Amino acid sequence: MTIEEMQKGYQNEVAYQKHMLRNLGYWFQLFLTVSAIGLVLIYYFHQSTMWPFVIGIILMVVGVLGMFVFGYASWRGRQNVTLVIEDYEKKISEIKKIDKNASGTEKIRFK
């Protein structure tokens, strides 16, 4: 594996993980919207009609649970991206210590 191949691989991995984090953000927004709809149903129907009130409670619970799940996944995903970047920087610094003249075409072996 050359240094250029390793750099390209890490760049692709970070780009993919950032794309997946955006997708998690969209899911979080969806569950936020579901929770808000549930809150509106609870607010307007808490004294008048039973079924919209119950549906509002269910939507609120599902929305909040979804927000917790996707919020946690997003938080862990950001930590993972940080770890990948730190690992890349660590490997590059080790390579530069070993070979002061690394031009990107040499084959590299990792332990």
The listed residue being open to solvent by 50 Å² or more (accessible area, probe 1.4 Å) and more than 30 Å from SER93 (Cα to Cα), out of MET20, MET50 = MET50
Among (1) closer than 30 Å to ILE95 by Cβ; (2) more than 23 Å from the chain's Cα centre (by Cα), LYS8 falls short only on (2)
Hey, LYS96 open to solvent by less than 70 Å² (accessible area, probe 1.4 Å), under 30 Å from GLU5 (Cα atoms) and out of contact with any Asp or Glu (no Cβ under 6 Å at 6 or more places or on another chain) or not = no
If you scan segment 1-13, which residues turn out to be of a type in the set (Val, Ile, Thr) and crowded, with 16+ Cβ neighbours inside 10 Å?
-> ILE3
Take segment 26-47 and flag every residue that is in contact (Cβ under 8 Å) with a residue 24 or more places away in the chain and surrounded by fewer than 14 Cβ atoms within 10 Å (Cβ to Cβ).
-> THR33, ALA36
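The values are calculated or read from the model by the stated rules, or taken from the named source; none is laboratory data. Since the structure is predicted, the reported quantities are computational estimates derived from the model, not experimental observations. Quick reminder, even Gly has a Cβ in these numbers, built from the backbone with ideal geometry, and neighbours come from all protein chains shown. The accessibility values were calculated without ligands, DNA or RNA, using every heavy atom of the protein model including side chains. Shrake-Rupley method; radii C 1.70, N 1.55, O 1.52, S 1.80 Å.
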